[in-house]
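Shown next, in structure tokens, is the structure this report addresses.
The values are calculated or read from the model by the stated rules, or taken from the named source; none is laboratory data. All values reported here derive from a predicted model rather than from experimental measurement. Here the Cβ positions follow ideal geometry from the backbone for every residue, glycine too, while neighbour counts run over all protein chains shown.
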Amino acid sequence: MTSPKVKLLICITPVYGHVMPIRAVATALIGRGYDVTVLTGSDYKEKIEDIGATFVPLEGKADLTEAIMAKLIKNFVAVIPPPTGDALMLKTFIGWIPSQHESVQKALKSLKEADPEARILVLFESAFRGTLPTLLGAGDIRPIGQIGLGVVPIMGLTSIDTAPWKGGSRSDQSEEGRRENIILNEKDKERFVKSQARWEEILKETGSKDPELYWRDVPWHKANRFIQMCAPSIEYPRSDAPAGLRYSGGLGPGLRDPMKSFPSWWDDIALNPQKKRIIAVSQGTISTDVKELIIPTMMSMKDRGDVLVVAALGKRGAKLAEDFVVPDNTRYADFIPYDEMLQYADVFVTNGGYGSVQHALGNGVPLIVGGIGADKVDNAMRVAWSGAGINLETHRPTVEALQEAVMATLDDPKYKKRAKEIQDEMRSYDPIGVIEQSIEEVVRAST
């Protein structure tokens, strides 16, 4: 039941893998009667308006495009030595906050002007930090509360049970492990001194109250609720997690836009008359250099008559090089929604974006993960830790390494069994129901 006069302002970092899962959430909330406004990049105006939400564009540096993000990642990978984590945060998540904050306040003002009696609740996607100044008292217009939605792994939350995010965190709850985690977490804060200093400057500039927390910890400790969009079995346990942390089980099949047209070869996998084992491979929508995983996967299986490789290139209009000879047992297309492809797959080779991991597990498919940058190394480590797949520990594996990993995943039933167990766990949740319950709890607490 929707609360009367409550309007939802949903704030999203304008990157495909962040926008689309939250767009699915927004679609479902609209279907349950909520009035939804979405604040994200101008590139996504049509996709947001298509679901019946009001679209508000981000402004300034916050109005990112996929091309800008791809360039950032390319530069990060290419520079030797790579930029420090501190420098990257200053350029990205910290650097975007002022423009994001201004955009949030403008959106809140617009909603209030349209309906002075409206009570506004903010939902923010976990990488979007521009709602935090408002959460901490900045701005002329205050929402009744804020709820975080986690579409990347929990990397920034300091815990005695985990090592910090540093290109791949780990979980260790032993006494010795906890002692080491404490030391590593303190050292991690030293690595981000400039980011912390800039965060504190932003708080002063915006008139926010300093929460006296490490900047990365703020969303989990200060939001009214923080809903991690996954099953607990694919996230490290934290005995000291904030009370407001919830799990939604992820977004399983059926909550995304269906595929409208299919490649001419689709029956080869949908009907699979020869009962071949199907290896799906994709590198997401940003890191689309096919030489990293897609072509090596094709080549690793090219001599196997019992296998069919299905590749999604990640961008509409994307093509393979004209001189590349596609193996006879490979099918590919420029863009294939994950759920459409993975419902037929036996294994998924991926660079480890959070969405790719969630889609695979939602379909009960074990993973082989090899990626770099953003959250990909952390996702790969969680997949291996959970038992649902193999971590290649590189974004450019050899053909031989891929062949070994694929055959190990196909031949050892433990990976499929574990992926199915997590799929069942995901199915036990009502993800939109978890979010709606949190919304109603925050609304009731504000009256």
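Give the number of residues within region 414-447 that are assigned to a loop (DSSP other than H, G, I, E, B) and in contact (Cβ under 8 Å) with a residue 24 or more places away in the chain. Break it down stepwise before answering.
Let us first name the residues in region 414-447 that are assigned to a loop (DSSP other than H, G, I, E, B), namely 428-430, 447.
Keeping just the survivors that are in contact (Cβ under 8 Å) with a residue 24 or more places away in the chain gives 428-430.
Total meeting the criteria: 3.
If the requirement is being out of contact with any helix residue (DSSP H, G or I) (no Cβ under 7 Å at 6 or more places or on another chain), of a type in the set (A, V, I, L, M, F, W, C) and closer than 21 Å to Tyr34 by Cβ, which of these qualifies: Leu135, Leu108?
Values: Leu135 fails: out of contact with any helix residue (DSSP H, G or I) (no Cβ under 7 Å at 6 or more places or on another chain).
Being out of contact with any helix residue (DSSP H, G or I) (no Cβ under 7 Å at 6 or more places or on another chain), of a type in the set (A, V, I, L, M, F, W, C) and closer than 21 Å to Tyr34 by Cβ holds for just one of Leu135, Leu108, which is Leu108.
Cβ-Cβ under 6 Å, sequence separation 6+ or interchain: first residue in region 389-413 and closer than 10 Å to Val349 by Cβ, partner part of a loop (DSSP other than H, G, I, E, B) and at pLDDT below 95. Which pairs?
Leu392/Gly370; Pro397/Gly370
Checking Ala374 against (1) farther than 20 Å from Leu313 by Cα; (2) at pLDDT below 95; (3) among the hydrophobic types (A, V, I, L, M, F, W, C); (4) surrounded by 23 or more Cβ atoms within 10 Å (Cβ to Cβ): exactly one of these is not met. Which one?
Condition (1) is where Ala374 drops out.
What are the residues in region 28-57 that are surrounded by 20 or more Cβ atoms within 10 Å (Cβ to Cβ), in a helix (DSSP H, G or I) and either without any contact (Cβ under 8 Å) to a residue 60 or more places away in the chain or not assigned by TED's automatic domain parsing to the domain that holds Glu113 (or both), if any?
Tyr44, Ile48
Within the bounds of region 71-78, is there any residue that is in a helix (DSSP H, G or I) and either on the phi > 0 side of the Ramachandran plot or small (Gly, Ala, Ser) (or both)? Spell out how you get there, then give the answer.
Initial filter on region 71-78 (in a helix (DSSP H, G or I)): 71-78.
If we keep only those that are either on the phi > 0 side of the Ramachandran plot or small (Gly, Ala, Ser) (or both) too, we end up with 78.
Looking for residues that are in a helix (DSSP H, G or I) and either on the phi > 0 side of the Ramachandran plot or small (Gly, Ala, Ser) (or both), one finds at least one in region 71-78, hence yes.
Quick check on Lys209: is it in contact with a Gly (Cβ under 6 Å, 6 or more places away or on another chain) and touching a residue at least 24 places away in the same chain (Cβ under 8 Å)?
Working: in contact with a Gly (Cβ under 6 Å, 6 or more places away or on another chain): yes; touching a residue at least 24 places away in the same chain (Cβ under 8 Å): yes.
Yes; evaluated as a whole, the condition is true for this residue.
What pairs come out if I take residues in region 65-81 that are modelled with pLDDT under 70 and pair them with residues that are surrounded by 15 or more Cβ atoms within 10 Å (Cβ to Cβ) and of a type outside the set (A, V, I, L, M, F, W, C) whose C-beta lies under 6 Å away, six or more apart or interchain?
Ile73/Gly373; Phe76/Pro82; Phe76/Gly373
For region 312-327, check the following and say yes or no: at least one residue is among the charged types (D, E, K, R), farther than 18 Å from Phe262 by Cα and surrounded by fewer than 16 Cβ atoms within 10 Å (Cβ to Cβ). Step through it out loud before you land on a result.
If we filter region 312-327 for residues that are among the charged types (D, E, K, R), which is where we start, we get 315-316, 319, 322-323.
Remaining after also requiring farther than 18 Å from Phe262 by Cα: 322-323.
Now drop any that are not surrounded by fewer than 16 Cβ atoms within 10 Å (Cβ to Cβ), which leaves 322-323.
Yes: region 312-327 contains one or more residues that are among the charged types (D, E, K, R), farther than 18 Å from Phe262 by Cα and surrounded by fewer than 16 Cβ atoms within 10 Å (Cβ to Cβ).
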